[in-house]
Amino acid sequence: MPFEGKLFRTSLVHWGQQRQTTVLSHEAHLETLTRLVDTKSDLAFLDTELAKILNVLREPMALRKRLYSRILDYHAATSPQRKLPNEILSLIFTHCMTGPIHVPVAFKEAPRNTSHVCSRWRQVSLAQRDLWKNILIYFDVFLLRRWNSHFACGSMMEELLRRSSSKLISLTFAVSNGGPIKIDFDQVSNYIVDHAHRIQKLSICDEDCSDRELPRDAFDSFENVSFSALESLVVDIPIRNLPCPIHWPQLSHLEIDDRSQGFDFTALRLLLEKCNKSLLL
């Protein structure tokens, strides 16, 4: 190497012996200062040589990066999933669904993750309307604070409803951690009103079993909205808070759990009188 003879002009062994001395003599002190200057000079020289080497390597390293990227592209182009028809890919995405889509959104869960892989996967995901028809809205005060915007949750809701197109949808309100407050319902319900006629399954649940009661005016915005396609209703809130008008005769499944707050049996009797006799309770 060109700097091989220049480096380490001082004896490290000798210096190691000098280090054992508690107090350096005058001569040793001067020698140490000389060694310090020489060592700094050696280090500066080495840094200069390394900079020259790195400068020489810069272009080959950039070329290597481009070639490696090209290899990844070739692998991707010849990967087995590229040969799958869109119909098969769509079925695979459907089987990836393990539950409803959460609002606020969990981006690592299907179908959000499958729609962010590549343009083709995104097209297939968005074209499969069934992927977007099962929605769970968390009225969790801590989660909403983290998003720092009720409007953001409403926008997510609007986007999911748009992606499900005209499909019948399943909608769950999950209440937990101190929620909800009136503004939560107002923001979200504004986006749901125009799609109420597509809601086939509706669940209103106390997610953390804290016996929390929804605000009495939580569903005021649904007062004149028709849930004309509703077939399944699951609630664990006071019956007086049920959204209406609901076409009770067409319900095929009704589940009510209001034990902690006491049933309003009058309301329950009136409700059941409206329901289909084949209703599954």
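Rundown of residues vs (1) surrounded by fewer than 11 Cβ atoms within 10 Å (Cβ to Cβ); (2) at pLDDT 80 or above; (3) in a helix (DSSP H, G or I), yes/no style:
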{"position": "ARG9", "(1), (2), (3)": "no, no, no"}
{"position": "TRP15", "(1), (2), (3)": "no, no, yes"}
{"position": "GLU27", "(1), (2), (3)": "yes, yes, yes"}
{"position": "THR39", "(1), (2), (3)": "no, yes, yes"}
{"position": "ALA44", "(1), (2), (3)": "yes, yes, yes"}
{"position": "LEU54", "(1), (2), (3)": "yes, yes, yes"}
{"position": "PRO60", "(1), (2), (3)": "yes, yes, yes"}
{"position": "ARG64", "(1), (2), (3)": "no, yes, yes"}
{"position": "LEU67", "(1), (2), (3)": "yes, yes, yes"}
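Take LEU136 and decide whether it is in contact with a His (Cβ under 7 Å, 6 or more places away or on another chain), surrounded by 15 or more Cβ atoms within 10 Å (Cβ to Cβ), modelled with pLDDT of 75 or more and of a type outside the set (Ser, Thr, Tyr). For LEU136, the condition - in contact with a His (Cβ under 7 Å, 6 or more places away or on another chain), surrounded by 15 or more Cβ atoms within 10 Å (Cβ to Cβ), modelled with pLDDT of 75 or more and of a type outside the set (Ser, Thr, Tyr) - is met. Would you check if there is a residue in the range 221-228 being assigned by TED's automatic domain parsing to the domain that holds HIS253, hydrophobic (A, V, I, L, M, F, W, C) and either at pLDDT below 70 or closer than 19 Å to PRO100 by Cα (or both)? No: the range 221-228 contains no residue that is assigned by TED's automatic domain parsing to the domain that holds HIS253, hydrophobic (A, V, I, L, M, F, W, C) and either at pLDDT below 70 or closer than 19 Å to PRO100 by Cα (or both).
Every residue, every condition in (1) over 30 Å from LEU202 (Cβ atoms); (2) of a type outside the set (A, V, I, L, M), yes or no:
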{"site": "HIS29", "(1), (2)": "yes, yes"}
{"site": "LEU36", "(1), (2)": "yes, no"}
{"site": "ALA44", "(1), (2)": "yes, no"}
{"site": "ASP47", "(1), (2)": "yes, yes"}
{"site": "ASN55", "(1), (2)": "yes, yes"}
{"site": "GLU59", "(1), (2)": "yes, yes"}
{"site": "SER90", "(1), (2)": "no, yes"}
{"site": "HIS116", "(1), (2)": "no, yes"}
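The values are calculated or read from the model by the stated rules, or taken from the named source; none is laboratory data. Values in this document were obtained by computation on a predicted structure and should not be read as measured data. Heads up, the Cβs are rebuilt from the backbone with ideal geometry, glycines too, and the neighbour counts pull from every protein chain shown.
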